[in-house]
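Structure in structure tokens, see below.
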There are 4 protein chains.
Amino acid sequence: MTDSSVTTESHTQERILEAAKLVFAEKGYHAARVSDIVEQAGVAQGTFYLYFKSKQAIFTSLVDTFFSQLLEEALSAAPIEAVTSPEQMLQQVHNVWRIILRHFRDDRSLAYLILREARCIGPEFEERIQAYYQQAVGWLADYASKGAKLGLVRPLDPQLAAWAVLGMFERTVYQLVVLEGRDDIELMADQLLELELRGLMADGAKGG
Amino acid sequence: MTDSSVTTESHTQERILEAAKLVFAEKGYHAARVSDIVEQAGVAQGTFYLYFKSKQAIFTSLVDTFFSQLLEEALSAAPIEAVTSPEQMLQQVHNVWRIILRHFRDDRSLAYLILREARCIGPEFEERIQAYYQQAVGWLADYASKGAKLGLVRPLDPQLAAWAVLGMFERTVYQLVVLEGRDDIELMADQLLELELRGLMADGAKGG
Amino acid sequence: MTDSSVTTESHTQERILEAAKLVFAEKGYHAARVSDIVEQAGVAQGTFYLYFKSKQAIFTSLVDTFFSQLLEEALSAAPIEAVTSPEQMLQQVHNVWRIILRHFRDDRSLAYLILREARCIGPEFEERIQAYYQQAVGWLADYASKGAKLGLVRPLDPQLAAWAVLGMFERTVYQLVVLEGRDDIELMADQLLELELRGLMADGAKGG
Amino acid sequence: MTDSSVTTESHTQERILEAAKLVFAEKGYHAARVSDIVEQAGVAQGTFYLYFKSKQAIFTSLVDTFFSQLLEEALSAAPIEAVTSPEQMLQQVHNVWRIILRHFRDDRSLAYLILREARCIGPEFEERIQAYYQQAVGWLADYASKGAKLGLVRPLDPQLAAWAVLGMFERTVYQLVVLEGRDDIELMADQLLELELRGLMADGAKGG
DNA sequence: TATGAATGAGGTTTCATTCAT
DNA sequence: GATGAATGAAACCTCATTCAT
């Protein structure tokens, strides 16, 4: 009403989402009570259910927002069809690493939450997350194939390699978030890129 | 009872542990009820508490067993002081990969459980798991240092590299377990080793 | 609004009453939510409370209207003081049956609602309904007394007989409404009158 | 354990059932809280759910017991194939009236409850009750047919007549229970039988 | 050692009602 | 008069844990 917000989310909904993020991150999904969330948000118990069907619904909402934004940012920065040279490819991959690491750093509590709890909310939820991951894996696998054609990436099982890269990333970022230190994102991106590339690279390739 | 078992675990305790493993793996820690476990074990509700202080205690017990066995097996197969040549080192690392993958394959339901739920039982529990992982990371980091001295591994942040390798492993094994296919452990070990080594290896090294 | 309505009810109040009737009839008093009613009426949640003090109040209002109209119609058609002959009495009773059955048929959803839920809203409400019934029973009892004097009705406990007749009616109409068939009101009135007056017995039978 | 009870119901279950009967009768189904029942029974909240799946389940259990006992008693006292003479039929019908009235009197709070709330618990429940009533109606209709063959009952719509008789009964018993007086069951049975058989009319009256 | 009935705290969710705009 | 977002009191039900036998 008073501001020209571009989102349709109400002030209250926003506050509940923010509160949920904090509470979930601090206590974990299962230990977090809806009453914790509403207390943190400063609204009444019933208000929560005006905006979210259930505890799981708000969690899903948070996760969906996080991943769709992340995937949009990351994938739009790396249009595979624009890659024609090894240098371009390296540039893109490096860039994607930076974007992802920043995204996780900028929404640290949500990142922490997702990395910690994605697999143990329930079966349906796990599948939902798995679907997001599969998108990333698909992109990575496509990238690897493209790289192989350019002679940059050596031939290997692209799915396995993609999941390995993703896992490498998952764990390092988790540590990053847990330790709450390391704001040297750029350096970390460099090192992960090195690990990834040298792992994937063809013998003759002169990358880096 | 009748035989001179080398363990101190009673038959009943054994059955409860086995039942818990199955039930936890199938439903997850939070969804699993103690009543599910005792039903699966074929004992009464109260019997559970003769052997385990709480639901979390039995979970901890399962996880402790799993990790201490794994670490013992894996680390004893790779005494870092015995490494004097690059060939030996490769041999050891390859061996360790195989041991680990086999361990996870041989106790699939427990492996699945740990990979899925380790981080979301509770803070104390998370720290416990983190401690096991830290042992592995320490070993990996030591190895990397040793490798660096041998000119086999290029200089990099050993902690970061170690966590990255561990994450690579975590995720690929999780997929392995989830998909329930891929019994080609040996092949997988080869590929992971390749990814790891080429990622970590020094430029001039002639590994593999 | 535009016409000179004789009632004082506003258009909005009318719509809420109509909506409530439908919703209550479909879901029953307890399952019906105020939010269902306002949705059906197409007004806002708060508007409801401009016209009715509570959920029970609107229910009471509906029931009061139904019963006062019914009693007025029925009783005015049967002035007991006008009865001087058996023929007149039969005529009146027959007429009353028809009026009542028509009233229930013409407001089927409200009728259904009352027959189903009148006794289980709450104690105060039950007493209210009981009072309406008592009016009918009083009339029936008076009628029976009069009939007895005319030698038309045999001597019996007039209260018991009155409640019995009322129950006979209640249940048959309920079935009528439930089954949603039987628009043959006239025939039904005939049969009920027969049952009331003559019972089940055949003319020649020497029972008792 | 200590007594040679013929039922399999535990002492606790028995107490909960008894408590539920009282609480439901006093407050009605909807106003009765499970916590009221357990308080009345002197057991803990959770104990309730050891024996009954839900609040509706215990209600259903009470009602089922009531009706199956009633129907068994009543129907076994009136084997229609044994009827060969009008006298026998009257005898049987009279007997059935007495049995039913006694059953309701002997379990007054449950009777009250059923007569008050049978239709407003929920659709499934209503159908369940309706099924019991249909049994009674079927019996009554069969009886009427048989009576017609014996020349005792005049030809009429047997379903309508049966529901009418049932309603007559329902309402009079309800009044009986509500008023908490009238222990003169025998007299009441006589009068209801009279009404059922002969209606209101005097012997000499030439109605219609 | 084994049983299993009993416990009771506590969480999620619903919905009649209010009130500032 | 009309709105609809906000309220908050309950109520049902679960399940880890205990304890008398």
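Hey, can you grab everything whose amide H is under 5 Å from the amide H of D:VAL153? Only 5+ residues off in sequence or another chain; H modelled, so Pro and N-termini drop out.
Answer set, sorted by chain and number: C:ALA202, D:ALA148.
Find how much the distance from B:ASN95 to B:GLU126 grows on full extension, using 0.36 nm per residue of separation minus their present alpha carbon separation; answer in nm with one decimal.
Between B:ASN95 and B:GLU126, full extension yields 8.3 nm more.
Right, another one. Measure up C:LYS27/D:LYS55; A:LYS21/A:LYS53; B:LYS21/B:LYS53; A:LYS53/D:LYS55; C:LYS21/D:LYS53 against 23 Å on the Cα-Cα distance and list the ones that go over.
Values: C:LYS27/D:LYS55 19 Å; A:LYS21/A:LYS53 16 Å; B:LYS21/B:LYS53 16 Å; A:LYS53/D:LYS55 25 Å; C:LYS21/D:LYS53 33 Å.
Violating the 23 Å limit, Cα to Cα: A:LYS53/D:LYS55; C:LYS21/D:LYS53.
Within 10 Å of each Cβ of B:119-127, how many other protein chain Cβ atoms are there on average?
Mean shielding count: 4.
Please compute the average number of Cβ atoms from other chains found within 10 Å of each residue's Cβ in peptide C:148-158.
What the average comes to for C:148-158 is 4.
Tell me, what is the 1.4 Å probe accessible area of B:THR12, in Å² to the nearest 10?
Roughly 40 Å² of B:THR12 is accessible to a 1.4 Å probe.
Sticking with this one: Give the relative contact order (percent, whole number) for chain C; include only Cα pairs under 8 Å separated by 6+ residues.
Dividing the mean separation by the residue count of chain C yields 20 percent.
When we measure straight from the Cα of A:LYS146, which lysines land under 29 angstrom away, once same-chain ones fewer than 8 places off are left out?
A:LYS206, B:LYS206
Taking N as the number of residues in the range D:7-52, what value does Rg over Cα atoms divided by 2.2 N^0.38 Å take?
Values: Rg = 10.0 Å, N = 46, 2.2 N^0.38 = 9.4 Å.
Computed over Cα atoms of the range D:7-52, the ratio equals 1.06.
Could I ask something else about it? Using the crude model of +1 on Lys and Arg Cβ and -1 on Asp and Glu Cβ, and no other charge, please compute the dipole size for the range C:44-123 relative to its Cα centre, in debye to 20.
440 debye
What is the pair-distance distribution P(r) of the range A:104-183, computed from all Cα-Cα distances in 10 Å bins starting at 0, with each bin given as a whole percent?
Using 10 Å bins, I get a P(r) of 17, 39, 30, 13, 0 for the range A:104-183.
Turning to a different aspect of this structure: Using unit Cβ charges (K, R positive; D, E negative) and no other charged atoms, how large, in debye to the nearest 20, is the dipole of the protein assembly as shown about its Cα centre? Walk me through the numbers before you get to the answer.
Details: 80 positive and 116 negative charges, 7 e Å.
Charge dipole, the protein assembly as shown, about its Cα centre: 40 debye, nearest 20.
While we're looking at this one, here's another question. Please work out the ratio of the alpha-carbon Rg of the protein assembly as shown to 2.2 N^0.38 Å and round it to two decimals.
Here the Cα radius of gyration is 1.42 times the empirical estimate.
Count, for each residue of D:26-32, the Cβ atoms from other chains sitting within 10 Å of its Cβ, then give me the mean as a whole number.
Per residue, the average neighbour count from other chains is 3.
What's the percent breakdown of Cα-Cα distances in the range C:56-198 across 5 Å bins, shortest bin first?
That works out to 2, 9, 19, 23, 21, 14, 9, 4, 1, 0, in percent per bin.
The values are calculated or read from the model by the stated rules, or taken from the named source; none is laboratory data. For clarity, every value in this text was computed on a predicted model and none was experimentally measured. We place every Cβ from the backbone using ideal geometry, glycine too, and count neighbours over all the protein chains shown. The accessibility values were calculated without ligands, DNA or RNA, using every heavy atom of the protein model including side chains. Shrake-Rupley method; radii C 1.70, N 1.55, O 1.52, S 1.80 Å.
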